[in-house]
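In what follows, a single structure is set out as structure tokens and then discussed.
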Amino acid sequence: MNDAVVSGLAPVASCHTSVMAECDLCEAARLSEWFHEDELCWIAECEVCSVPMVVWRVHDPNPPDSVKQRLHALLRAVVSEHFVDEIYIDDNMRNIPDHYHAHARGRGKWGMQPLERRLSDEPNC
Ligand SMILES: [Zn+2]
Ligand SMILES: [Zn+2]
């Protein structure tokens with residue numbers, strides 16, 4: 001009877017999304033290391049891609065340019081503090097298209113290769 005294909009709801013193979021009904025980014029579960037947080041955003045390691053990503057605290061895909069610049073600047077600062085790689089900012093939001101976030105991916109690295117940690121990057125106790 002009900003054999004209609006609900007194509008709009010088919011899950012896309014992706015990072016981040018195992019729960020489709022909720023927004024993982026709003027949930028902000030601390031599943032991985034957090035590098036930074038403030039009232040504007042948080043920066044954590046993407047548990048799927050193993051690279052740092054910045055997440056705006058607002059559920060909206062289009063922050064104003066001033067916000068976007070600040071998010072990118074914070075992400076670059078975090079990466080240069082903790083990692084040796086040159087990065088580029090990838091804000092193509094394939095998996096969660098309605099909540100702004102951006103990954104820091106290594107330049108010249110393929111796919112989802114993790115960034116290289118600074119040797120001096122030891123946790124402060
Ligand atoms: Zn959200
Ligand atoms: Zn990711």
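Considering only the other residues whose Cβ falls under 13 Å of the Cβ of F83, what net charge follows from Lys and Arg at +1 and Asp and Glu at -1? Don't skip to the answer; put the middle values down first.
Details: positive: R76, R105, R107, K109, R117, R118; negative: E33, E45, E81, D85, E86, E116, D121.
Computed value for this residue: -1.
Descending by average beta-carbon neighbour count within 10 Å, the peptides 45-58, 67-80 line up as 45-58, 67-80, the highest first.
Computed from the coordinates by the stated procedures, all read-outs in this text should not be read as laboratory data. No experiment lies behind these values; they were computed from the predicted model shown. With ideal geometry, Cβ positions are generated from the backbone for all residues, glycine too; neighbour counts draw on all protein chains shown.
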